Amino acid sequence: MQIGAKKAVTIHYTLKDDKGEELDSSDGGDPLVYLHGEGNIVPGLEKALEGKQPGDEVTAAVTPAEGYGERDEKNFRNLPIRKMQGKVQAGMQVRLQTDQGPIAALVTAVNGDYATVDLNHPLAGMTLHFTVKVVEVRDATAEELEHGHVHGGGGHHHH
Ligand SMILES: [Zn+2]
């Protein structure tokens, strides 16, 4: 079965940056299961996997425009430290509550009672070098299509 819209796809992947440094990998762990065509993975990788089949190996260089976007200087904020947990220092990750739920942000500087945090996605502005092995392709269930993600086997478990 080929990868396309409404397919539940199981892959093993390794992600490296421009210098060849490994950023993320499913090797040695559970494979990633995602619903194709629903934005579960970055657009550039979805494009590269379109039409592929189990056993295929795919390499793709995904630009920021088709990955996690460009870094945006407007995504730096000065926030009061008292609203953060623990001892806040430059270089540490903090969890912030937003209208869209909790997000991780990097503290770039601390000035008195305020900390400067970078709200850009950690992979924003980077070209992403993926090596992917397609493990399994199946039809998504009606419930998965309704939810826009895969259930079980590495998918979401929120029911
Ligand atoms: Zn669901």
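For the reader, a short list of remarks on this structure follows.
Yes/no per residue for (1) surrounded by 14 or more Cβ atoms within 10 Å (Cβ to Cβ); (2) of a type in the set (S, T, N, Q); (3) free of Cβ contacts under 8 Å to residues at least 60 places away in the same chain:
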| residue | (1), (2), (3) |
| --- | --- |
| Asp18 | no, no, no |
| Glu22 | no, no, yes |
| Asn40 | yes, yes, no |
| Ala48 | yes, no, no |
| Asn75 | yes, yes, yes |
| Leu79 | yes, no, yes |
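- Residue count for the stretch 39-72 satisfying the condition of being touching a Lys or Arg at 6+ places or on another chain (Cβ under 9 Å) and of a type in the set (Asp, Glu): 3.
- Residue in the stretch 93-110 that is in contact (Cβ under 8 Å) with a residue 60 or more places away in the chain, open to solvent by less than 30 Å² (accessible area, probe 1.4 Å) and of a type in the set (Gly, Ala, Ser) present: no
- Filter result for the condition that a residue is within 16 Å of the ligand (Cβ to nearest atom) and of a type outside the set (Ser, Thr, Tyr), over His121, His147: His147
- Single residue of Gln53, Gln93 found to be at pLDDT 95 or above and more than 16 Å from the ligand (Cβ to nearest atom): Gln53
The values are calculated or read from the model by the stated rules, or taken from the named source; none is laboratory data. It should be emphasised that the depicted structure is a prediction, and the values quoted were computed from it without experimental measurement. Positions of Cβ are generated from backbone atoms using ideal geometry, with glycine treated the same way; all protein chains shown enter the neighbour counts. Just so you know, the surface numbers come from the protein's heavy atoms only, side chains and all, with ligands and any DNA or RNA stripped out. Shrake-Rupley method; radii C 1.70, N 1.55, O 1.52, S 1.80 Å.
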